[in-house]
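The values are calculated or read from the model by the stated rules, or taken from the named source; none is laboratory data. Since this is a predicted model, take the numbers as computed values, not measurements. Ideal geometry is used to build each Cβ from the backbone, glycine not excepted, and the neighbour counts take in all protein chains shown. Quick note on the areas: whole protein, heavy atoms, side chains included, nothing else; ligands and nucleic acids left out. Shrake-Rupley method; radii C 1.70, N 1.55, O 1.52, S 1.80 Å.
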Amino acid sequence: MALQIITAPDPRLKLIAKPVDRVSEDIEHLMRQMADTMYAAPGIGLAAPQVGQPLQVIVVDVGNDDNPDQPGQLYMMANPIIEWVSDDTCSYKEGCLSLPDQYADVERPAHVKVRYVSEQNQEKTLTAGGLLATCIQHEIDHLNGLLFVDHISQLRRNMIYRRLLKQRRLDTTAN
Ligand code: NI
């Protein structure tokens, strides 16, 4: 079942998420519900604060570039920590399920090494590049109360928030 995704602006998206003690059955269940929610949206990443759970849990699947009909690799991570970032950067037009229909170019390190706890409660590391590296950084930002718009100019950020508030008023009127 898909979980409800919180949209910005909302104070719950600004909270610092708590680490999980271990990936219990409950946390694994949350991870799977988050993955279902991400695929249904559809999106390529989702962080627990976006579904109202202030926990350090993210899910990521950037798809399969070589064969778009096939699923990509799903990563479900608890307590992800970026251990290393490359000096070279890359820029992607980012979006976010909590900022519907809003996009902006964000520059981030092109490669990262992340340490995390898997859905099987095993400690793992992953070195990622390209869209996967960007997506992991974007999702970890959510655990620190940051959205992709926090990486762009205040002018552009305010423009996006104005559009979101306008859309929210239209949605409220329509309902
Ligand atoms: Ni996001």
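So how much accessible area does Tyr39 have, in Å² to the nearest 10, using a 1.4 Å probe?
We get 100 Å² for Tyr39.
Starting from 0.36 nm per residue, how many nanometres of slack lie between Gln154 and Lys166 once their C-alpha separation is accounted for?
2.5 nm
Computed FRET efficiency, Cβ-Cβ of Trp84 and Thr173, R0 30 Å: what is it to the nearest 0.05?
0.05
Leaving out ligands and nucleic acids, note down the accessible area per residue over the chain with a 1.4 angstrom probe, in whole Å².
Ligands and nucleic acids excluded, the figure is 56 Å² per residue.
Note down the relative contact order for the stretch 11-174 as a percent, whole number, built from C-alpha pairs under 8 angstrom at least six residues apart.
24
In vacuum, with every alpha carbon of the stretch 43-82 counted as one equal point scatterer, what does the Debye formula give for log10 I(q)/I(0) at q = 0.27 Å⁻¹? Two decimals, please.
Result of the Debye calculation: -0.88.
Kindly provide the helix-only [θ] at 222 nm of the chain, computed as the sum of -39,500 (n - 2.57) over DSSP H runs of four or more divided by all residues, to the nearest 500 deg cm²/dmol?
-10000 deg cm²/dmol
So what is the relative contact order of the stretch 1-99, in percent, for Cα pairs below 8 Å that sit 6 or more residues apart?
Relative contact order for the stretch 1-99 comes out at 30 percent.
Contact order normalised by length for the stretch 100-154, with contacts defined as Cα pairs under 8 Å and 6 or more residues apart; what percent is it?
Here the relative contact order equals 35 percent.
How far, in nm, would the chain grow between Thr125 and Tyr39 when pulled straight, counting 0.36 nm per residue and subtracting the alpha carbon separation?
28.6 nm
Just to verify a number: what accessible area does Glu119 come out at with the full protein assembly present, 1.4 Å probe, Å² rounded to tens?
So the heavy atoms of Glu119 present about 50 Å² to solvent.
In whole angstrom, note down how far apart the Cα centers of the stretch 102-175 and the stretch 41-101 are.
8
Which percent, to the nearest 5, of DSSP beta bridges fully inside the chain are antiparallel?
Among the beta bridges of the chain, antiparallel pairing accounts for roughly 95 percent.
Only helices at least 15 Å long along their axis, Cα-based, and averaging 0.0 or more on Kyte-Doolittle count here, so list those DSSP H runs from the chain.
Correct list, ordered by number: 130-143.
Give me the net charge of Tyr103's neighbourhood, meaning all other residues with Cβ under 9 Å from the Cβ of Tyr103; Lys, Arg count +1, Asp, Glu -1.
So the surrounding residues net to -2.
Probe radius 1.4 Å, ligands and nucleic acids ignored: give me the carbon and sulfur share of the accessible area of the chain as a rounded percent.
49
Based on the alpha-carbon set only, what is the convex hull volume of the stretch 11-174 divided per residue, in Å³?
125
If you rank His151, His142, His29 by how much accessible surface each has, with a 1.4 Å probe, what is the order from largest down?
From most accessible down to least: His29, His151, His142.
Using a 1.4 Å probe, how large is the accessible area of Val20, given in Å² and rounded to the nearest 10?
10
Just give me a number: lysine pairs in the chain, eight or more positions apart or cross-chain, with C-alpha atoms less than 22 Å apart.
For the chain, qualifying lysine pairs total 6.
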